[in-house]
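Notes for the one structure printed next.
The values are calculated or read from the model by the stated rules, or taken from the named source; none is laboratory data. Keep in mind that what you see is a predicted model, and the values were worked out from it rather than measured. A quick note on method: Cβ atoms are made from the backbone with ideal geometry, for glycine too, and the neighbour counts reach across all protein chains shown. Surface accessibility is based on the protein's heavy atoms, side chains included, excluding ligands, DNA and RNA. Shrake-Rupley method; radii C 1.70, N 1.55, O 1.52, S 1.80 Å.
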Amino acid sequence: MHKSLLFLIAALCVEMAVAQGSIAITGTVTSKNSNETIVGATITVQNSNIGAATDLDGKFVIKGLTPGLYNVQCSFVGYQTKVIYEVEVSFDRSASLTFELEENAVETATIEIRGTSISNAEESPVSIRTIGSNEIKRNPGGNRDISRAIRTLPGVAAIPSFRNDIIIRGGAANENRFYIDGIEIPNINHFATQGASGGPVGLINVDLVEEVEFYSGAFPAARGNALSSVMEFGFKNPRRDKFTSNAVVGTSDLGITVEGPTGKKSGIVVSARRSYLQGLFSVLGLPFLPTYNDYNLKWKCDINDKNQLTIISLGAYDTFELNLKIADDTASDDFLSNKYLLDNLAQNNQWNYTFGAKWDHYRDKSRWTLVASRNMLQNEAFKYQNNDVSLPRTFDYESSEQEYKIRLENKVFGLKKMKLLYGVSYERALFDNRSSFDEYIYSLDTTVRINFSSAYAMHKYGFFLQSSRAWLQERLVVSFGLRADANDVSPSMSNPIDQLSPRIALKYNFAPQWSFNASTGIYYQQPTYLALGYAVDGKLVNTNMQYIRCDQAVAGVQYNWDKRNSTISVEGFYKNYSQYPLSISKGISLANLGADFGTVGNEALSSDGEGRSYGMEFLYQQKLFKGFYGIVAYTLVRSEFNNSEGKYAPSSWDSGHLLSMTLGKKFGKNWEIGGVYRLSGGLPYTPDLVNESMLISNWNALRIAQPDWSRINSERIQAFQQLDVRVDKKWYFPKWSLDLFLDIQNVFGQTSPLKPTLDVQRDAQGQPIVDPNNSNQYLPLFIDNSTGTILPGIGLIIEL
């Protein structure tokens, strides 16, 4: 038996040794301008003597590697040097890379220009960050969620809740735009709040992501309808040598990803996930039971050397049910808070999908790109009286959004020292909405029933132009952009000249590795479909609304510490809003309402609001270098919007101070440990109208406290902090690999303060108690809404 065991071990060692000899990084180097392969380019593994050169077909192979992560650098005379960080290889899974090198504007071999993975670095040289796939996967407390991983970057607020609202530089969650390989994706979260984005769980599977470019300012002219950020997700190119797969058992879902060839010149990568939160929450006795499902897909085909076709699709189906069984557990410590949530939370069914195709046609000095896509969102929310399905619905909402989009653009490279991009876009949008709910009318101090349905279609169109030029041997780059958009849903938005959006940016390298960056511009965003679709007596009400306008200015200094794969930057920013949506009934800006599950903007609105946000940011970011990686980001921000009387108040995202520190280390034998510390200033909130909310007629109809809008955001919750830690251990076997991780959120059990919840006092059966001194009111009860739970999680990843 012992001899058999020794023989088995020896055979396994021989197999691993043979497999190790086959470990390689392969790939192709092409010109980004022409898509032509580059012969003789040098590819090296950082901090080693290992490397290779491209052959006559522009291909390369780097051998002699052991399983792990590597930074791979590519360089060639006349082109900018490019680094791809954290390339992973294993015994049975070699890495396949594609380097698209950018030509230098100055033709000289005496100047080395270090490039970047950012595709529009010249057009937008300021307020751009990148985050790689492995940085997202290993982010402590991030649950492999992109929306949470970007909270480590400057300007991004960390909201003290379980939601993924992306709040950037004091702007709203619906001011962000998302693209995958140039195809727009309306939403990247499950259980999205219609009209405000957000949601608790990310929709994009990080296993398909190669890198994310994050613009918090100086948006490219080709990317319209954004006021706070543009995120460009780059999905990895599918393998064409063999099929591989991986399975993930995460802290909240199960997922599988498969990729491989569909022909000699094409490949596909596709993933599917399903949550098991509904079972976990039921065992824990929580009042809500969410279930989410999603898929992600990319197919790419190189038709020939001059033509490429890419197809992107993703979708989700989400359900949100109530755990009514816990309402009978009157002895539970959480009975009162659970009862309140069950009385107020609506059931929700939501599904969405996007399907898009991109065709790239390369010419000698230009590249034409045609993008066509369709996306749809179907959202249903409802609430039964006393949660009894035999009784009428107190809240009933159903809405759908459909978009058909097409964009044609041409990027010209043949101009001396200058680049030019121009194009046009067209969209056809369809929207319908059926709503029935009770609303408290402040001027009348009473509750009324709102019933309406609406439907409309619109045409949207735009054009854009972007030009950049280099001077002083590429030490100075200046970019100018112009964009205009319009639609036919309203006369106030039909003239594109009214939405003319100029922008200018510059980058000046005043010393080696040092640069001064600045930009200014005017940006516009269309009001949400939900806001435009509000109707009374079958007629649209908000037809006089205008595009939201935001004038922005950014300036800063950046140091690229190339020898340590690091970047240090300081930036200041100012954003001035006008034509912002104001609630007519409440007299306040939608920016002061915040967002939660449900809808935002489903009411009568005007475009009379104004606002401003300003502050500064500091960033130190180190990509993987000698086993260490980290990010230190600090933001000082102020955000405030006015009401109908012109008085300013802090917006719902006025955090003040934001600090995030990420540090990680890779050890021997494939161990890794990382931590993220976050500190956020207290967010403002609006106190409630206690007496009015406790009126029996109001509470029975609404079952929720009514805010005192005359004291909009006059109170603040306390600042909160949190430390998350993650430990990974990876094993590489001849035919597969295993990654086991332990993720602990809120290690020290810090309390995350939230606004106190105003409820009614209840008897032992959970029924409201009438005030003995006032028979028209219930007795009030304030429930502490703070949380401070330590959340440990274990997961595993199997790669085949």
Taking 86-95, 175-184, 407-416 and ranking on average Cβ neighbours within 10 Å, highest first, one gets 175-184, 86-95, 407-416
Summing +1 per Lys or Arg and -1 per Asp or Glu among the other residues with Cβ less than 11 Å from LEU203's Cβ gives -2
Phi-derived 3J(HN,Hα) across segment 703-713 with the Karplus relation (6.51, -1.76, 1.60, θ = phi - 60°), rounded Hz, x for Gly and Pro, is 6, 7, 5, 9, x, 8, 5, 5, 10, 4, 6
Rounded to the nearest Å, the spacing of the alpha-carbon centers of segment 28-47 and segment 359-417 is 35
With Cα coordinates, the longest principal axis of the chain makes an angle with the long axis of helix 2-21, in degrees rounded to 10, of 80
From the cross-link list LYS358/LYS507; LYS63/LYS306; LYS32/LYS358; LYS32/LYS236; LYS626/LYS669, the entries with a Cα-Cα span beyond 23 Å are LYS358/LYS507; LYS63/LYS306
Measure of exposure for LYS365: accessible area at 1.4 Å probe, Å² rounded to 10, is 130
Of 132-145, 69-82, ordering from highest average Cβ density within 10 Å down gives 132-145, 69-82
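At most 14 other Cβ atoms within 10 Å and a DSSP loop assignment: could you name the chymotrypsin sites (Phe, Trp or Tyr not before Pro) in segment 662-764 that fit?
PHE667, PHE748
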At the level of C-alpha centres, the distance separating segment 516-548 and segment 250-304, in angstrom, is 34
Rounded to whole Å², per residue accessible area for the chain with a 1.4 Å probe reads 41
As straight-line cross-link partners of LYS383, the qualifying lysines (C-alpha separation under 16 Å, not fewer than 8 residues apart within one chain) are LYS339
Over 21 Å (Cα to Cα) among LYS575/LYS647; LYS647/LYS755; LYS59/LYS563 -> LYS647/LYS755; LYS59/LYS563
Under the helix-only model (-39500 (n - 2.57) for each DSSP H run of 4 or more, divided by the residues of the chain), the mean residue ellipticity at 222 nm, to 500 deg cm²/dmol, is -2000 deg cm²/dmol
In nanometres, the difference between 0.36 nm per residue of separation and the alpha-carbon distance of ALA331 and TYR276 is 17.1 nm
Once normalised by the length of segment 243-378, the mean sequence separation of its alpha carbon contacts under 8 Å that are 6 or more apart gives a contact order in percent of 18
Phi angles of segment 274-284, converted by Karplus (6.51 cos²θ - 1.76 cosθ + 1.60, θ = phi - 60°) into ³J(HN,Hα) in whole Hz with x for Gly and Pro, give 9, 7, 10, 5, 4, x, 5, 5, 5, 5, 6
Between the Cα axis of helix 335-344 and the main Cα principal axis of the chain, the angle (0 to 90°, nearest 10) is 90
DSSP beta bridges in the chain: the antiparallel percent, rounded to 5, is 95
